[in-house]
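Asker: Have a look at the structure that comes next, please.
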Amino acid sequence: MSRKISDSTVYVGVDDLQSELFESQYIIPEGIAYNSYLILDTKVAVLDTVDSIMASQWLEKLSGALGDRTPDYLVVHHMEPDHAGSVKVAMERYPGMTLVASAKAIHMLPQFFEDLDIAGRTLEVKEGDRLELGTHSLQFLAAPMVHWPEVLVSFDESEGALYSADAFGKFGALSRCGFYGRDDEDWTCEGRRYYFNIVGKFGAPVQTLLSKAAKLPIRTIRPLHGPVLEDNLNYYLSLYDTWSRYEPETEGVFIAYASIHGHTAVAAHKLADMLEERGVSKVVVSDICRSDIAENVEDAFRYPKMVLAASSYDGGLFSPMSDFLYRLGMKNYSNRTVAVIENGSWAPSAARVMKESLGKMKNVTVLEPSLTIMSSLKQSDLPALARIADALVK
Ligand code: FEO
């Protein structure tokens, strides 16, 4: 069912509850929504399509919402296939429809749709341009790298609506997580995991978009994933500001361990106990071999301090920790304090590799000395472990 969200705007997006992974890598136990909107004014505009796997359901919804009208425009804010995957079928179904997008998006079209012939049916727009629909007028703003280079967002002043593309998106199908966002942990948990893994690398472009958005009288945010946001927009804007500045959000320590036979895990949990004894309000311990790596990335960014505890392996670092550090580097992990614990049975090598990776990250302070345990944590290791706990609470 489509859903009216104002007198003349209809939500025609779809829930994907069949895909196990988003972008073939992120688990989505509650599915994901591909949002699409329809503005019925003097002119009719469809805002974005959906992933091709949901094309039939989307077209059916769209057709029902259109009634006896036909769309004049298809606005493509973002060319990634989870949104533009149904452009070809839509343009074929509605031959009178003009595709409106940035020059870069129009350039990308044949890369995805080799045999799409829409010569004369495209309208190139850029920042500052407007698409007049009648009482509605879409004002375009460039949002390059949020999260691809061709991205535009648009603002409909008549409804105070920001169509924000991937920004302010969230994992989770709307039938599972609600149609309207709530400014609480429900939105924030999966909104944060989505942000740091999808958009996290692009903090500076997000900051640019936020400064443009600050000049607009926004009353609602309509993203391409997740709930429509209407209440307490400052909550979401403020989180995006914190996240895109790479500033920590919550006081606490995140302990990530990669343990082969369980001994490194013992050290990680012992350190967690020591931190709690010292009054640290929030200590999160994660076995990164057996948990969602995207959630671990999220937690690394959430807290100001992190502990990495890992086994040595093949003269280097146990691969789950290596993968984790690779992802943190990719997402511009920065501005944090990190303590390192390594385990080894004959030639410990994990700390060296972890420190090398951390050393390449911006403004990451590695606490020295790190702790080396030989095969298992012993009584004689506890004073050094306690010194790490002391340094972390300082
Ligand atoms: Fe939801 Fe960058 O696509």
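Asker: Relative to the Cα centre, what is the charge dipole magnitude of the stretch 333-394, using +1 at the beta carbon of each Lys and Arg, -1 at the beta carbon of each Asp and Glu, and rounding to the nearest 20 debye? All intermediate terms of the calculation are to be shown ahead of the outcome.
Answerer: Values: 8 positive and 5 negative charges, 43 e Å.
Dipole size: approximately 200 debye.
Asker: Going by average Cβ neighbours within 10 Å, how do the peptides 325-337, 375-387, 299-311 rank, with the highest at the top? Present the calculation step by step, with values, prior to reporting the outcome.
Answerer: Numbers: 325-337: 18.8, 375-387: 13.5, 299-311: 25.2.
With the highest mean Cβ count within 10 Å placed first, the list reads 299-311, 325-337, 375-387.
Asker: Let me ask you something else. Subtract the Cα-Cα distance of residue 330 and residue 179 from 0.36 nm times their separation in residues, and report this length gain in nm to one decimal.
Answerer: Gain on extension, residue 330 to residue 179, equals 51.2 nm.
Asker: Report the full-extension gain for the segment residue 291 to residue 346: residue separation times 0.36 nm, less the Cα-Cα distance, to one decimal in nm.
Answerer: 17.0 nm
Asker: Using 1/(1 + (r/R0)^6) with R0 = 35 angstrom and r between the beta carbons of residue 53 and residue 211, what's the FRET efficiency to the nearest 0.05? Write out the running numbers ahead of the final one.
Answerer: On the way: r = 36 Å, r/R0 = 1.03.
Working from the Cβ atoms, E equals 0.45.
Asker: Could you check the spin-label model distance between residue 372 and residue 111? Points 7 Å from the Cα along Cα→Cβ, value in nm.
Answerer: Between residue 372 and residue 111, the simple spin-label model gives 4.7 nm.
Asker: While we're looking at this one, here's another question. Put +1 on the Cβ of each Lys and Arg and -1 on the Cβ of each Asp and Glu in the chain; which of 105, 62, 14 then has its Cα farthest toward the positive end of the dipole?
Answerer: Highest projection toward the positive end goes to 105.
Asker: Restricting to bridges with both residues inside the stretch 288-374, how much of the DSSP beta-bridge set is antiparallel, in percent to the nearest 5?
Answerer: 10
Asker: While we're looking at this one, here's another question. Taking the Cα centre of the stretch 208-332 as the origin and placing charges on Cβ (Lys, Arg +1; Asp, Glu -1), which of 261, 243, 271 is farthest toward the positive end of the dipole?
Answerer: Positive-end residue among those listed: 243.
Asker: With a Förster radius of 30 Å, plug the Cβ-Cβ distance of residue 63 and residue 135 into 1/(1 + (r/R0)^6) and report the FRET value to the nearest 0.05. Mind showing how you got there, number by number?
Answerer: Numbers: r = 24 Å, r/R0 = 0.79.
E(calc), rounded to 0.05, equals 0.80.
Asker: In addition: Could you check the simple spin-label distance between residue 17 and residue 382, using points 7 Å along Cα→Cβ, in nm with one decimal?
Answerer: 5.2
Asker: Using mean Cβ contacts within 10 Å as the protection proxy, how do 229-239, 200-210 order, highest first?
Answerer: In descending order of packing, they fall as 200-210, 229-239.
Asker: When the helices in the chain are scored as -39500 (n - 2.57) per DSSP H run of 4 or longer and the sum is shared across all residues, what 222 nm value do you end up with, to the nearest 500 deg cm²/dmol?
Answerer: -9500 deg cm²/dmol, from helical runs alone.
Asker: Fewest first, what order do 133, 174, 317 take by the number of other Cβ atoms within 10 Å?
Answerer: On the way: 133 20, 174 23, 317 26.
Arranged by neighbour count, lowest to highest, 133, 174, 317 become 133, 174, 317.
Asker: Can you compute the charge dipole magnitude of the stretch 277-363 about its Cα centre, using +1 on each Lys and Arg Cβ and -1 on each Asp and Glu Cβ, nothing else charged? Give it in debye, rounded to the nearest 20.
Answerer: 420
Asker: Would you look at the GNM of the chain, springs on alpha carbons closer than 10 Å, and say which of 55, 256, 143 moves the most?
Answerer: The residue with the greatest mean-square fluctuation here is 55.
Asker: How big is the charge dipole of the stretch 76-196 about its Cα centre, in debye rounded to the nearest 20, if each Lys and Arg gets +1 on its Cβ and each Asp and Glu gets -1 on its Cβ?
Answerer: The dipole of the stretch 76-196 has a size of about 140 debye.
Asker: Can you sort 168, 113 so the residue with the fewest Cβ neighbours within 10 Å comes first? List each step's numbers first, then the result.
Answerer: On the way: 168 29, 113 16.
The order, fewest Cβ neighbours first, is 113, 168.
Asker: Using the charge dipole of the chain (Lys, Arg: +1 at Cβ; Asp, Glu: -1 at Cβ; taken about the Cα centre), state which of 2, 208, 154 has its Cα farthest towards the positive end.
Answerer: Checking the options against the dipole of the chain, the answer is 208.
Each reported figure results from applying straightforward, stated rules to the coordinates on display, with no laboratory input. These figures come from a predicted structure and were not determined experimentally. Because the Cβ atoms are built from the backbone with ideal geometry, glycine has one as well, and the counts that use them run over all protein chains shown.
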